[in-house]
Amino acid sequence: MLRQLVNRLEQASALDPAGDKLKAAVQATIRPRKLRDVLHGVFLGHPLHPVLVQLPVGAFMSAAVLDLLPGQRRAATALVATGVAGALPAAAAGLTDWASLAREQRRVGLVHAVGNTIALGLYAGSLAARMTGRHRFGRMLGYAGLSVAGGSAYLGGHLSYKEGAGVNHAVPELRMIPEGWHHVASMAELPVGKPVVRTVGSAPVLLYRHGDSVTAMIERCAHQGGPLSEGEVTGSGPSACVVCPWHGSTFRLTDGLVVRGPAASDQPVLRTRVAGGQVEISLP
């Protein structure tokens with residue numbers, strides 16, 4: 001029953017007007033590219049949001065335990081304050097990721113964000129009550145906030161594990177490539193500086209020739225599976241990059257390094273070798 005209700009959220013087009021307005025607001029507010037890359041977690045190699053949520057979740061749960069024990073009012077209040085403060089950067093990272101998701105994912109993510117906002121409001125009220133001596137009321141608000149946050153966390157899990165938000169969409173393509181070396185092209189078929197797509201097993205592979213060397217990477221973007229072969233190539237030589245046409249994730253063609261988000265993971269690169277003018281690739 002619960003899963004059916006959540007699955008219906010993916011098709012709830014009535015959420016789109018509010019979601020579109022929030023997406024525009026997020027993109028207008030978080031404009032600097034470097035800031036967006038930090039919030040996406042490009043420097044980490046995976047999304048930053050799951051890392052940041054550990055602080056408020058841990059603080060709120062610890063406060064809930066201390067609220068059951070005598071003589072722990074000050075400690076519980078300090079933990080609630082820590083959780084409220086820690087929730088703000090976690091929300092910023094989450095909203096930045098959310099704004100670059102597919103529409104069906106954004107619908108579930110919107111409800112997830114609303115739930116988190118309600119939970120944060122309850123905890124802010126709990127903190128205010130505790131600081132003005134109304135500890136019993138503060139505890140009640142805290143437990144209410146924890147309950148709402150738990151439901152919202154379920155939606156976050158649905159987003160990640162059922163809908164694939166935040167996961168590396170290129171890695172499953174590696175499973176489609178058989179073991180061993182596979183012939184993909186001759187050097188004569190690969191123009192210098194222009195990506196070429198070949199299928200190995202059932203996985204599309206992007207080949208890029210730079211001088212006498214060839215790099216091969218999974219063609220589906222790590223962020224949302226977009227077709228990198230349809231993206232623009234920027235720069236030249238060792239610094240040449242391909243830009244995903246869907247959301248603008250940028251990867252260096254010589255080694256798959258993610259240069260710009262929203263992708264946080266590097267693009268998987270395959271092993272290559274050239275013998276007798278023939279190019280072969282194999283799994284890393």
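The values are calculated or read from the model by the stated rules, or taken from the named source; none is laboratory data. Just so we're clear, the structure is a prediction, and the values are computed from it rather than from any experiment. Using ideal geometry, Cβ is built from the backbone for each residue, glycine included, and neighbour counts are taken over all protein chains shown.
Worth pointing out:
- Top-ranked residue in region 41-77 [being under 30 Å from Ser100 (Cβ atoms), small (Gly, Ala, Ser) and surrounded by 15 or more Cβ atoms within 10 Å (Cβ to Cβ); ranked as nearest to the chain's Cα centre (by Cα)]: Gly41
- Qualifying residue in region 224-231 (condition: among the polar types (S, T, N, Q), in the same structural domain as Val53 (by TED's automatic domain parsing) and over 18 Å from Thr272 (Cα atoms)): no
- Residues that are among the hydrophobic types (A, V, I, L, M, F, W, C) and touching a Lys or Arg at 6+ places or on another chain (Cβ under 9 Å), drawn from region 15-62: Leu15, Leu22, Ile30, Val42
- The single residue among Gly41, Gly71 that is of a type outside the set (Ser, Thr, Tyr), on the phi > 0 side of the Ramachandran plot and without any contact (Cβ under 8 Å) to a residue 12 or more places away in the chain turns out to be Gly71.
- Taking region 270-284 as the range and being surrounded by fewer than 21 Cβ atoms within 10 Å (Cβ to Cβ) and outside any loop (DSSP other than H, G, I, E, B) as the test, the residues that pass are Arg271, Thr272, Arg273, Val274, Ala275, Gln278, Glu280, Ser282.
- Count of residues meeting criterion [surrounded by fewer than 17 Cβ atoms within 10 Å (Cβ to Cβ) and within 25 Å of Ala264 (Cβ to Cβ)] in region 11-25: 3
- Checking each residue in region 230-269 for being in contact with a Ser or Thr (Cβ under 8 Å, 6 or more places away or on another chain), aliphatic (A, V, I, L, M) and outside any strand (DSSP E or B) picks out Ala240, Leu253, Ala263.
- Given (1) surrounded by fewer than 20 Cβ atoms within 10 Å (Cβ to Cβ); (2) under 16 Å from the mean Cα position of the chain (by Cα), number of the condition Arg220 does not satisfy: (1)
- When residues in region 224-264 are screened for being polar (S, T, N, Q), more than 14 Å from Ser100 (Cβ to Cβ) and buried (at least 17 other Cβ atoms within 10 Å of the Cβ), 1 of them pass.
- Qualifying positions in region 204-229 - closer than 30 Å to Leu159 by Cα and either at pLDDT below 95 or part of a loop (DSSP other than H, G, I, E, B) (or both): Glu219, Cys221, Ala222, His223, Gln224, Gly225, Gly226, Ser229
- Single residue of Leu146, Leu206, Leu159, Leu174 found to be closer than 27 Å to Gly277 by Cα and either over 22 Å from the mean Cα position of the chain (by Cα) or buried (at least 20 other Cβ atoms within 10 Å of the Cβ) (or both): Leu206
- When Pro178 is tested against (1) within 17 Å of Arg198 (Cβ to Cβ); (2) touching a helix residue (DSSP H, G or I) at 6+ places or on another chain (Cβ under 9 Å), exactly one condition is not met: (2).
- Filtering region 199-217 for residues that are under 22 Å from Arg33 (Cα atoms) and of a type outside the set (Val, Ile, Thr) leaves an empty set.
The rows are residues; the columns are (1) touching a residue at least 40 places away in the same chain (Cβ under 8 Å); (2) outside the structural domain of Val65 (by TED's automatic domain parsing).
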position: Phe137; (1), (2): no, no
position: Val148; (1), (2): no, no
position: Ser186; (1), (2): yes, yes
position: Gly193; (1), (2): yes, yes
position: Arg198; (1), (2): no, yes
